[in-house]
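*Asks:* Before anything else, here's the structure in question.
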């Protein structure tokens, strides 16, 4: 794992863990004082952000370990596993507070929102959105799925806090608003959990390379070796920030073995330099119909 990627991962994880722990304490205090299930649910959602940030740190630490005999492609997918753990924790939090919110409506419990509580949650919404922007930016810059997942975790918390502030302002006239907001927050958490787990699972199962990456590979191949007749069977495997590429390339069937090997080696080197990937090129002879000229 590259030093820049690791540094951003550790920075995001530590910063998130510290900020979320402080916000959890403030939200829990405000929610308990207001007897608000939505506020308490959001407080524990924020604490789950602390746990997921610790998972991000652990994932980056494991991913940074060098390859060994048992893991010849390195430990990069530990970072993807970290994203799945984040999604699972989110799902547990969402399901728990969905149950509590429905109970709030059934029992017709109301909440009394204080001005200080509204300030706490309004400030939290702004801070968590700022954290989300940083995490998603860092994730896109480094290609880290767990950082992007953590960013969406922050954003779901920011949206939940903003919804609670809006609902609290109308809470004096609508007794059921706290329970409904609790359900809304819970569904938001569950959707974020599903989205994170789906993306991470696709990466673990080996998703198809993006059209853009495949086009880049073909363009590099065509530019480096004009004698290639066709590029096909392009496969890309990701292990964190480590990329493995395999492809088949057709050449004139009359090309001797040494020349074919030189073409493959040149293409592998270019893919390594331009895409920072380990490439394996399989050379195939072009089939020539009987009686036709090569």
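*Asks:* When a/c reaches 1.5 or more, the comparison of a/b and b/c decides; with that in mind, is the stretch 211-285 rounded, prolate or oblate per its Cα gyration tensor?
*Replies:* Verdict is prolate for the stretch 211-285.
*Asks:* Along the Cα-to-Cβ line of residue 107, 7 Å from the Cα, sits a label point; which residues in the stretch 174-198 have backbone N less than 17 Å from it?
*Replies:* What the label zone holds, given the 17 Å backbone N cut-off, is 175-183.
*Asks:* Relative contact order of the stretch 211-285, please, whole-number percent, based on alpha carbon pairs below 8 angstrom and at least 6 residues apart.
*Replies:* Working: 106 pairs, mean separation 23.8, N = 75.
It rounds to 32 percent for the stretch 211-285.
*Asks:* Under 8 Å for C-alpha pairs, at least 6 residues apart: give me the relative contact order for the stretch 3-205, rounded to a whole percent. Mind dumping the intermediate values first?
*Replies:* Working: 329 pairs, mean separation 57.4, N = 203.
It rounds to 28 percent for the stretch 3-205.
*Asks:* State, to one decimal in nm², a quarter of the convex hull surface area for the C-alpha atoms of the stretch 3-205, i.e. the direction-averaged projected area.
*Replies:* Averaged projected hull area, Cα only: 10.7 nm².
*Asks:* Tell me, what is the Rg over Rh of the stretch 82-171, with Rh the Kirkwood radius over Cα pairs?
*Replies:* Numbers: Rg = 15.5 Å, Rh = 14.6 Å.
On the Cα set of the stretch 82-171, Rg over Rh gives 1.06.
*Asks:* To continue, here is another question. Can you give the extra length, in nm with one decimal, that the chain gains between residue 187 and residue 35 once fully stretched, where that is 0.36 nm per residue apart less the Cα-Cα distance?
*Replies:* Extending this stretch completely gives an extra 52.6 nm.
*Asks:* Fully extended, how many nm does the chain gain between residue 140 and residue 215 (0.36 nm per residue separation, minus their Cα-Cα distance)?
*Replies:* Values: separation 75, 0.36 × 75 = 27.00 nm, distance 2.00 nm.
The span from residue 140 to residue 215 would gain 25.0 nm if fully extended.
*Asks:* Go through 253-265, 29-41 and give me the packing order, highest mean Cβ count within 10 Å leading.
*Replies:* The densest-packed peptide leads the list: 29-41, 253-265.
*Asks:* Of 108, 128, how do they rank once you tally other Cβ atoms within 10 Å and put the fewest first? Numbers along the way, then the final one.
*Replies:* Values: 108 9, 128 28.
Final ranking by Cβ density, sparse to dense: 108, 128.
*Asks:* Let's test the formula: R0 of 45 Å, r as the Cβ-Cβ distance of residue 7 and residue 88. What FRET efficiency results, to the nearest 0.05?
*Replies:* Calculated transfer efficiency: 0.95.
Every read-out reported here was derived from the displayed coordinates using simple, explicitly stated rules and does not represent laboratory data. Here the structure is a predicted model, which is why all the values come from computation and not from measurement. All Cβ positions, glycine included, derive from the backbone under ideal geometry; neighbour counts span all protein chains shown.
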